[in-house]
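In what follows, a single structure is set out as structure tokens and then discussed.
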């Protein structure tokens, strides 16, 4: 087993959380390097694309969150070996990445009124669309999981995203947005949250 070091911010959620969960669920040892947000300005230049997460594999740095998800998914058995189920996972993870990028782009908005207007437009447009379409993918694929009728890194990626939307931590994003537009995703979120490995992970962090 390679020596792994995952670097991401010191909070629950975001692009580094799904790989943390996958490695923990798979019982794969890794160094969990958590960066205080206050230190980011000093560390940003060290990162290949001035972004995290990064995964060091025997000292080699790999970037891009979905690439990391696929790699750790293969290590832990949480990524399909067959091409079509793998593509289904990739489709879902890329969709989450697309909408996450739109939300993250609002973080630097200083004017509160402007932030409110932008996020309200996101809620009524792109976020609602992605919630509904990702829910449709879940339903078409059986309603429980996104690929192979089992837990994969795609489920973990969606779990982290929906959990964040429902958390109340995003200003001007209603906590019940997902409940209103994607109840099947909410049920999926609650089911993943109740997984013994997920419960154990959050109990320890």
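Structural remarks
- As a calculated quantity, the FRET efficiency between residue 37 and residue 140 at R0 = 30 Å, using C-beta atoms, amounts to about 0.20.
- Paramagnetic reach from residue 49 in region 87-115 [backbone N under 12 Å; point 7 Å along Cα→Cβ]: 97-98, 101
- Shape category assigned to region 121-170 from the gyration tensor of Cα positions, a/c cut at 1.5: oblate
- Take the Cβ atoms of residue 124 and residue 11, set R0 to 30 Å, and the FRET efficiency comes out at 0.65.
- Label zone at residue 132, where the point sits 7 Å out along the Cα-to-Cβ direction: region 153-195 residues whose backbone N lies under 18 Å: 174, 176-186
- Added length on full extension, which subtracts the Cα-Cα distance from 0.36 nm per residue, residue 184 to residue 105: 25.7 nm
- Order of 114, 60, 97, 148 under a 10 Å beta carbon neighbour criterion, fewest first: 60, 114, 97, 148
- Share, in percent, of DSSP beta bridges within region 4-78 that are antiparallel, nearest 5: 60
- Taking label positions 7 Å along the Cα-Cβ direction at both residue 114 and residue 195, the computed distance is 4.0 nm, reported to one decimal.
- Length gained when the stretch residue 57-residue 149 is fully extended (0.36 nm per residue, less Cα-Cα span): 30.2 nm
- Length-normalised contact order of the chain in % [C-alpha pairs under 8 Å, at least 6 apart]: 21
- Contour minus Cα-Cα distance for residue 98 and residue 1 (0.36 nm per residue): 31.7 nm
- DSSP bridge pairs, the chain: antiparallel proportion in percent, nearest 5: 65
- Rounded D (µm²/s) - region 4-78, Kirkwood Rh over Cα pairs, Stokes-Einstein at 10 °C, 1.306 mPa s: 129
Read-outs: derived from the displayed coordinates by stated rules, not from any lab. Predicted model only: the values in this text are computed from it and were never measured. When we count neighbours, we look across all protein chains shown, and the Cβ atoms used for this are built from the backbone with ideal geometry, even at glycine.
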